[in-house]
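Enquirer: I'd like to ask some things about the structure below.
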Amino acid sequence: NDYKEADVLMVSDFVMFEIRQEILDRIKREKQKDTKFHSLTIGKKANPEVLEAFDNCWMYDPESRVIVEQMTRDIQALQDM
């Protein structure tokens, strides 16, 4: 009950073939309860089909020199929602 109004953040490189259907079904059920699903990708290549399951997707290149500025802008945009 402590987390029933919490959102979900998944951090990964998202270099995966797919998300199992049973997981997608569970995500769909939880979205119907207003749970938001966010992805944070650390890497340069993510499977776009996998990312479709998420409400918000952020991708950060760990080699980027402006990663901190990019993350700051994205966090501020989220706060403005």
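The values are calculated or read from the model by the stated rules, or taken from the named source; none is laboratory data. Computed from a predicted model, the values in this text were never measured in an experiment. Cβ: placed from backbone, ideal geometry, glycine included. Neighbour counts: every protein chain shown. Surface areas here come from the heavy atoms of the whole protein model, side chains and all, with no ligands, DNA or RNA. Shrake-Rupley method; radii C 1.70, N 1.55, O 1.52, S 1.80 Å.
Enquirer: Can you name every residue in segment 13-69 that is of a type in the set (Ser, Thr, Tyr) and free of Cβ contacts under 8 Å to residues at least 12 places away in the same chain?
Expert: Passing the criteria: only SER64.
Enquirer: Kindly indicate the residue of segment 55-81 that is hydrophobic (A, V, I, L, M, F, W, C) and over 14 Å from the mean Cα position of the chain (by Cα) and also most open to solvent (accessible area, probe 1.4 Å) among those meeting that condition.
Expert: So the residue we want is MET81.
Enquirer: In segment 42-68, which residues are more than 27 Å from ILE23 (Cα to Cα) and not in a loop (DSSP other than H, G, I, E, B)?
Expert: Matches in segment 42-68: ILE67, VAL68.
Enquirer: Can you give me the number of residues within segment 33-54 that are loosely packed, with under 10 Cβ neighbours inside 10 Å and either among the basic types (Lys, Arg) or at pLDDT 95 or above (or both)?
Expert: Residues in segment 33-54 being loosely packed, with under 10 Cβ neighbours inside 10 Å and either among the basic types (Lys, Arg) or at pLDDT 95 or above (or both): 1 in total.
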